[in-house]
Amino acid sequence: MAEHRTMQRGALLDAARSLLSEGGTEALTFPALAERTGLARSSVYEYFRSRAAVVEELCAVDFPIWAAEVEMAMQSATSAEAQIEAYVRTQLALVGDRRHRAVVAISASELDQGAREKIRAAHGGLIAMTVQALEQLGHQQPRLAAMLLQGVVDAAVRRIELGVAEPGSEVTEAAVAMALHGVRGERPGAAG
């Protein structure tokens, strides 16, 4: 019985990921979850008391997995600059993944305090690693730079998801160049 409930809960979360990645938070409704999973709407309420509860559980399950992938890539980098590059590249490589699309949709939505805290906690370790790398690179305001760096990543994610202009690989390379070398997009000293 408990195993069956766990499977149904997993199916609901998977359906929620799909709905979020397809239509954002507006698409995440209990009737849609019921339809996707074949459960009665009343059954959905047995697992989650509200839409916010679904989002909070997705945050608790998916954010740490996503953050761990980025963290692993950063830890395997051999220099501070390579860590920053890994931070950008790994997040952008995950754009096509449904979990990541759900994470982006959740991040863009109005969340209750519990969900925001879970997101902050998952991001906290990554931001700390990024701040440390920026300190090693001699940045004067590493925390501010880390927040701005995430803004570059977020903009690149949105650009890739649009899928109408440049290929994702071009957006990724431009985001890495921006992160490492600023608006000039080139290595310092590369051009006179």
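The values are calculated or read from the model by the stated rules, or taken from the named source; none is laboratory data. The structure displayed is predicted, hence computed values, not measured ones. As a convention, Cβ positions derive from the backbone with ideal geometry for all residues, glycine included, and neighbour counts pool all protein chains shown. For accessibility, only protein heavy atoms count, side chains too; no ligands or nucleic acids. Shrake-Rupley method; radii C 1.70, N 1.55, O 1.52, S 1.80 Å.
With all protein chains in place and ligands, DNA and RNA left out, the 1.4 Å accessible area ranks MET74, MET178 as MET178, MET74, largest first.
Distance between the modelled labels on HIS181 and HIS4, one decimal in nanometres: 6.1 nm (7 Å Cα→Cβ projection). Shown in residue order for segment 12-26 are the 3J(HN,Hα) couplings computed by the Karplus curve 6.51 cos²θ - 1.76 cosθ + 1.60 at θ = phi - 60°: 5, 5, 5, 5, 4, 4, 4, 4, 5, 6, 7, x, x, 5, 5 Hz (x for Gly and Pro).
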